[in-house]
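Asks: Let me give you the structure first, and then I'll get to my questions.
Since every read-out is calculated from the coordinates, none of them should be taken as a lab result. No experiment lies behind these values; they were computed from the predicted model shown. Counting neighbours? That spans all protein chains shown, and the Cβs are built from the backbone with ideal geometry, glycine included.
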Amino acid sequence: MVTLQQLVFKLSEFWASRGCLLQQPLDIEMGAGTMHPETFLRVLGPDQWNVAYVQPARRPADGRFGENPNRLFKHQQFQVLLKPAPDEAQQLYLQSLEACGIDPRAHDIRFEEDNWESPTLGAWGIGWQVLFDGQEITQFTYFQQAGGLDLSPVSVELTYGIERLAMALQDVADVYDLEWGAGVKYRDVRHRDEVEQSKYAFGQIAMPAAGLHALHRNLFDEYYRLSETLVASDLVLPALDYCLKCSHMFNLLDASGGIGVSERMAYILRVRRLAVAIAKHWVGVEPDAPAAAPNDNG
Amino acid sequence: MDRELLIEIGVEELPALWLPGLTRQMAERTEFRLRELRIAPGAAVESFATPRRLTVRIGKIAERQEDLEETITGPPVSAAFKDGQPTAAALGFAKKQGVEFDQLTRQQTPKGEYLAFLKRQRGRSALDALPDLMTALLRDLAFPKQMNWDARLEDGKGNLVFGRPIRWLLFLYGGRVVPFTIGRAPGAIGPQVQEVQSAALTYGHRFLATSGRAGRSIKVRSFDEYQARLSEHFVVLAHSERRDRIGRELENHARRLGARVQLKEHSALMDEVADLVEFPGVVAGFFDRSFLDLPHEVLTTTLLHHQHWFPVVSDDGKLKEAFLAVVNTQPQDERVIAKNAERVVAARLRDAKFFWEADRKVPLESRLERLHTVLFHKKLGSYRDKAERIEKLARWIASDMFGQPAAADDAARAARLAKADLTTDMVFEFPELQGIMGGVYAREQGEPEQVWKAIYHQYLPIGAEPDAPPTREQLGPAAITWAAVSLADKLDTLVGLTSAGEKVTGSRDPFALRRNAQGAIRILLDLPELTGIKLELPLAPLVARTLEVYGRSGTTTNEYPAFLYERLLSVMTQRGAPIEVVRAVVSPADAERAVDWNRSPLRARRVADALQAMRSSEDFQALAILFKRVKNIAKELKQDAVLDRGALVEPAERALLDEIDRRRLVIEHAAAASDYRRAFAEIASLRAPIDRFFTEVFVMAEDSQLRTARLKLMADLRDLILHFADISEIVPTTE
């Protein structure tokens, strides 16, 4: 039996032995490990970078009050970024599965088209969802753009869904039945968090919905202003922190039905504007200059 | 001696839906580029694709390029010499061709004598020329979406984008490797990122190997060897073979379950799964019987659309609690895979069940409020607004257009609730079930069949064929309400978006206006079969009423006739009516006649059927030719006039006039009864008098009163026939 924490050890060990730095999660709420500066910023510019880390990902709309065996307000991603993307990226990935105890010959492992896109980050890539006997366990992406900038060299990002992978390894049907450490279940560690976070995300709190919406909107605006100021002060990393805060506020507003359709697009564009400015500052491109194309792939 | 050409581009997994197109492109582009290189293929060009390889093979190609000989024309001789010496222009031409002046020749042309250079280029050996083929092929292949993977070619164009990264290149001519290199971007190249060099190597299945580790390179010298070694290494090269294997395995597995798998219904999925794998196998899995309580639409969508897995049915056609998954392996123990697959299905079905139970707690009526938040179009408001419009429109269509006031309330109610399912969790999760889920939820909350089925089928018809769903049987008592709702929704979308300035241009049709127009036309075209209503309903009042509901009555409707004419033409020809018959019946809606605009698609269909049945008769053929003359000469009538009967005196013209008078009433009666064969038969019998008229009467008489009367007779005759069809369109082209 591979416990959840052993899985993290094995993946960490595997990727460290392949030259990755082991980083820590960012201490700020985010929807995906991609938003961590170790990915979002490191994919930009010419420098090589190989890194791996666990990142808790918060998706308020996926909260299910601890009642759904598959969906979580917060799940864990094991994130690997390899820059430039090695020719052997797929083989390395498959070796990492073997290192976790999976025999690829006994299973049906497939790379099925699934291109990744994050409108709020101005980022997209080409790649696959890796299906393990029909279950998606990893998103595998060759980054093409981030912060609206074309990328070269191209990075590859591997995002393992730790819970999904562990469920397959432990052969359990309910995420809360996962063995986190010896004798300790996922339920013992996380269930209360899921219940309470879901209640908050869906507005089941001692405040009318309109009040909560207004609060979130206000926080969004404050964080937005702060992030803008930080970008203007050329402080890219703090600016990204507050850009992520905005993104999380937007996700909360969205989950609790606090924004209409047309407004939704406007929020996305605002976060994107920050992300693009941050990316440009990171690589030293004038934020007001038209996006330069560092390569000729049109 | 001619030798074999074999190319395999080894790639990371390409999307399944791209493979059919890429297989074609590989053959087409290879052949095109070879011919351009003057290397003639001496055998058929064969191409293959799996997710990890694009292969092309030609049994024989020439060993050398053909020599090139071409004459390049220079300046005229008259300008080439001055005082017996070559001019600067003449010397410049020689220099440009890279030769001495005395190597030039002269060439006689109709414009005079010119300097010329006879350029001879000896063909290179195939081995030397083929790298150019690879460069062109790699540049030519087009992908729905391409990626940068830090690759470059030394052809001056730099970066090489492709569908997925290329990992190996098998490139053989007559068993020898054709040297070729794909370079890598300077910022990426290093120990982990290397050039791709052509070699005599391929790779087998990612995971399966007969001995040793999978994924080692395999040396090959010829296509036969290539195919044989691939098959030993668990790769079935040909799509058709993979597909056949899948079909057989699915049927075997279904039989073992005492069930059937509906391969014909799932033909598109069969094609797709065959391109998702290199070595297909099938695994059977099961789910809890209690999930069979879910609507079968939800069950099959979960399996088919989300997992690419096949549902199985028992002999009575009912879904069973099992599914068949196509996998990229033939596992020793199916259960290892099946157990995981079952967990995926159970999770999805549990979600679906959750939505199914949650959604039903909120009646459709009370969902209308939430429709405010779902945008239809920024200039046209939300789906709530749309629901209100189509409610009005459907009521009017049922009562006023269909003449079925008894169905009006149900049609209006169905239209009002039609979009409510857009706010359900189920449709949010399974967007392809919109409409269908609305119908199912309406049924669950006790709406009558007339209402829930109208909602369920509202998005149909999508295809053009007369037997495209829905059928009368599927619709049952909801036929009339369905037709009203479906028409209302399509017209609302078509008219609304058109007036909001969303134009259809070429292949750009983001709001599917063509499909909406085609759907509306199909309903009117098949109205009797679908609903039992025999009326020939025109589009014009429907569009006018839709504009009125939008509060834009009086707006010009000029943009619609041409667009709708084109769709009607397209539907009728797709159904197999000969194009000339359709053109005869569905005339371009010019401003003067606006024929199809004010007439009904159903009438067009019936007239076309009659015309098709009558056209081969001798009288009709002759009449069609005569009609051309009638049309031409009638154009001479510059001012409309009342027919001056008294002026017509010649026996031939009196005879024609009498004949027209006698037939006109019969023709009109036949038309009123939609008996267009009868109408055409009557028209055909005008052949003899018309023929006689043209033989004996000179239309363009000196006397203007007489001339006008004869022209008017021709114009009346023209209009009588044009009322049905421009039969000059069906004149045989040999005439």
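Asks: B:Ala209 versus B:Asp128, label points 7 Å from Cα toward the beta carbon: distance in nm?
Replies: Output for this residue pair reads 4.0 nm.
Asks: Which pairs break 27 Å Cα to Cα here: A:Lys245/B:Lys145; B:Lys534/B:Lys631; B:Lys353/B:Lys419; A:Lys280/B:Lys379; B:Lys318/B:Lys392?
Replies: A:Lys245/B:Lys145; B:Lys534/B:Lys631; A:Lys280/B:Lys379; B:Lys318/B:Lys392
Asks: Would you mind calculating the gained length between B:Ala44 and B:Glu668 on full extension (0.36 nm times residue separation, minus the Cα-Cα distance), in nm to one decimal?
Replies: 218.6 nm
Asks: Take the alpha carbon gyration tensor of chain B, find the square roots of its eigenvalues, order them as a ≥ b ≥ c, and report rounded if a/c is under 1.5; if not, report prolate when a/b exceeds b/c, else oblate.
Replies: Verdict is oblate for chain B.
Asks: Could you work out, residue by residue across A:97-107, how many beta carbons of other chains sit within 10 Å of that residue's beta carbon, and then give the average as an integer?
Replies: Neighbouring Cβ atoms belonging to other protein chains average 3 per residue here.
Asks: Can you give the mean number of other chain Cβ atoms that lie within 10 Å of the Cβ atoms in peptide A:166-174?
Replies: 2
Asks: Quantify how strongly other chains surround peptide B:183-189 by giving the mean number of their Cβ atoms within 10 Å of each of its Cβ atoms.
Replies: Average neighbour count from other chains, rounded to a whole number: 5.
Asks: Compute the signed sum of charges (Lys and Arg +1, Asp and Glu -1) over the other residues within less than 9 Å, Cβ to Cβ, of B:Pro466.
Replies: -2
Asks: Ok, one more. Show that you can apply the helix-only estimate: for chain B, add -39,500 (n - 2.57) for every DSSP H stretch of four or more residues, divide by all residues, and state [θ] at 222 nm to the nearest 500.
Replies: Rounded to the nearest 500, it is -14000 deg cm²/dmol.
Asks: If I require 27 Å or longer along the helix axis, counting alpha carbons, and a Kyte-Doolittle average no lower than 0.0, what helices from chain B are left? Use full DSSP H segments.
Replies: Both cut-offs are met by B:479-499.
Asks: Can you give me the orientation-averaged projected area of the convex hull built on the Cα atoms of segment B:234-335, in nm²?
Replies: The Cα convex hull of segment B:234-335, projected and averaged over all directions, gives 6.3 nm².
Asks: Given the alpha-carbon gyration tensor of segment B:615-730, what are the semi-axes of its equivalent ellipsoid in whole angstrom, ordered largest first, with each equal to the square root of 5 times an eigenvalue?
Replies: So the three semi-axes of segment B:615-730 are 23, 15, 13 Å.
Asks: Could you work out Rg/(2.2 N^0.38 Å) for segment A:142-206, with Rg from alpha carbons only?
Replies: 1.69
Asks: Moving to a separate point now. Place +1 on the Cβ of every Lys and Arg and -1 on the Cβ of every Asp and Glu in chain B, take the dipole about the Cα centre, and give the residue among B:Gln434, B:Gly174, B:Ala468 whose Cα lies farthest towards its positive end.
Replies: The residue sitting most towards the positive pole is B:Gly174.
Asks: Kindly identify the protein assembly as shown as rounded, prolate or oblate by the Cα gyration tensor criterion: order the square roots of the eigenvalues as a ≥ b ≥ c, call it rounded if a/c is under 1.5, otherwise compare a/b with b/c, prolate if a/b is larger, else oblate.
Replies: It comes out oblate by the Cα gyration axes.
Asks: If you don't mind, another one. Does chain A come out rounded, prolate or oblate, given a ≥ b ≥ c as the square roots of the eigenvalues of its C-alpha gyration tensor, rounded meaning a/c under 1.5 and, failing that, prolate meaning a/b above b/c?
Replies: Verdict is oblate for chain A.
Asks: Also, quick follow-up: Under 19 Å from a point 7 Å along the Cα-to-Cβ line of B:Glu232: which residues of segment B:271-314 have their amide N that close?
Replies: Within reach of a label on B:Glu232, which here means backbone N under 19 Å from a point 7 Å along Cα→Cβ, segment B:271-314 contributes B:279.
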